[in-house]
Amino acid sequence: MAEPVYRRVVIKLSGEYLAGPQPFGIDQPTIDRLAGELIAARDLGVEVSVVIGGGNIFRGVEVSTRGVSRPTGDTMGMLATMMNCLALEAALERKGQPAKVLSAMVMPEVSELFTRAAAFRSLAEGRILLLGGGTGRPFFTTDTTAVLRAGELGAQAVLKATNVDGVYSADPKKDPNAKRFDRLTHSQALAGGYKVMDATAFALARETDVPIIVFSIAEPGSISAILNGTGRGTIVAG
Ligand code: UDP
C-alpha cells in the first residue's frame with residue numbers, strides 16, 4: 001500500500017456537518033459515519049487530531065445580536081464545541097477506537113486541559129485527538145484553532161472539510177462562473193477574501209507555514225483519499 005502523504009494532520013470539521021440533514025444538533029448516522037472515516041484515516045498510520053466547530057449548537061456572533069455580550073456568546077460557542085467532541089469521542093469508542101478529548105478551557109470534570117505534552121502522549125498511544133473549546137478565547141474561530149493546533153503539534157497539514165471540493169472564486173452553488181483553484185498561496189487566499197476560512201486562520205497559517213487542504217467531506221472516503229494523495233482538494237500553501 002502507498003505511504004500516506006502526511007504523517008500528522010489536524011482535521012477541521014464544521015459543527016454544521018454533524019447536524020447532517022437535521023436543522024441543528026447532532027445526527028447519529030452522520031457522526032457514526034464520520035467516526036468510521038476518521039478510523040480509516042488513523043488506520044493508514046496517520047496521527048489524527050480533530051477540531052470540530054460548534055455551529056450546529058451555538059454561534060457567539062448570532063447570540064450577541066440578542067443582548068448577550070460577544071465574549072459571553074463566544075464562550076457559549078466554545079462550550080458547544082466540547083459537546084461535539086464528547087459525542088464524537090463516544091462514537092469513536094463505540095467502534096473500538098481509543099480517543100481523547102483535550103480542552104482549551106479548564107474543566108477537570110469533563111476533560112484534560114490541552115497541552116502539547118498531553119497531546120503528544122495521546123497521539124503516541126494511537127488515540128484520535130479531539131481538540132475542544134476552540135482557542136479558549138472569544139473573537140476567534142475553530143478554523144483558527146485548527147491552524148493554531150497544527151502549528152503547536154508540528155502537523156504537516158490542516159485538512160479543512162467543507163461541502164465543496166476546494167476553494168472557489170465565488171460560491172459555486174450560487175455562481176455558475178465560479179472558478180475553482182487547484183493551488184493558492186496563503187497570501188493569495190488572504191487577498192482573495194475567500195469565504196472558506198477566515199482571514200485570521202489564513203494569516204496564522206502563513207505565519208506558521210502550515211499548508212491547508214480544502215476538500216469535500218460529502219464524498220465517502222474523502223479524508224483517506226486526501227491522505228493518500230489521490231483526493232481532490234485545493235492546496236493553500238507557500
Ligand atoms: N469560538 C470562540 N473562540 C474560538 C473558537 C470558537 O469564541 O477560539 C466560538 C465562536 O462563538 C464561534 C463558536 O465558538 O462562533 C463555534 O465555532 P465556529 O463558528 O468556528 O464553528 P463552525 O462554524 O466550524 O461550526
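A compact table of results
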read-out: Scan of the stretch 37-56 for residues that are in contact (Cβ under 8 Å) with a residue 24 or more places away in the chain, more than 8 Å from the ligand (Cβ to nearest atom) and either among the aliphatic types (A, V, I, L, M) or open to solvent by 30 Å² or more (accessible area, probe 1.4 Å) (or both), ordered by number; value: L38, I39, A40, A41, R42, L44, G45, V46, E47, V48, V50, V51
read-out: Any pair with Cβ under 6 angstrom, 6 or more apart, that starts in the stretch 127-144 at a residue that is within 15 Å of A80 (Cα to Cα) and ends at one that is near the ligand (Cβ under 6 Å from one of its atoms) and among the charged types (D, E, K, R); value: P138/D74
read-out: Inter-residue pairs, beta-carbon under 7 Å, first without any contact (Cβ under 8 Å) to a residue 12 or more places away in the chain and in the stretch 182-209, second open to solvent by 40 Å² or more (accessible area, probe 1.4 Å), 6+ apart; value: A199/L190
read-out: Within the stretch 148-169, considering residues that are part of a loop (DSSP other than H, G, I, E, B) and open to solvent by less than 20 Å² (accessible area, probe 1.4 Å), the one farthest from M78 (Cα to Cα); value: G166
read-out: Qualifying residue in the stretch 208-218 (condition: more than 15 Å from the chain's Cα centre (by Cα) and open to solvent by less than 70 Å² (accessible area, probe 1.4 Å)); value: yes
read-out: Sole residue being in contact with an Asp or Glu (Cβ under 6 Å, 6 or more places away or on another chain) and either part of a helix (DSSP H, G or I) or more than 12 Å from S49 (Cα to Cα) (or both), chosen from P138, P172; value: P138
read-out: Filter pass, R59 being of a type outside the set (A, V, I, L, M), over 14 Å from the mean Cα position of the chain (by Cα), near the ligand (Cβ under 10 Å from one of its atoms) and modelled with pLDDT under 95; value: yes
read-out: Of all residues in the stretch 121-147 being over 18 Å from the mean Cα position of the chain (by Cα) and open to solvent by 30 Å² or more (accessible area, probe 1.4 Å), the one that is nearest to the ligand (Cβ to nearest atom); value: R121
read-out: Some residue of the stretch 170-192 being in contact with a strand residue (DSSP E or B) (Cβ under 7 Å, 6 or more places away or on another chain), acidic (D, E) and open to solvent by 40 Å² or more (accessible area, probe 1.4 Å); value: yes
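The values are calculated or read from the model by the stated rules, or taken from the named source; none is laboratory data. Model, not experiment: these values are computed from the prediction. Note that each Cβ is placed from the backbone with ideal geometry, even for glycine, and that neighbours are counted across all protein chains shown. The accessibility values were calculated without ligands, DNA or RNA, using every heavy atom of the protein model including side chains. Shrake-Rupley method; radii C 1.70, N 1.55, O 1.52, S 1.80 Å.
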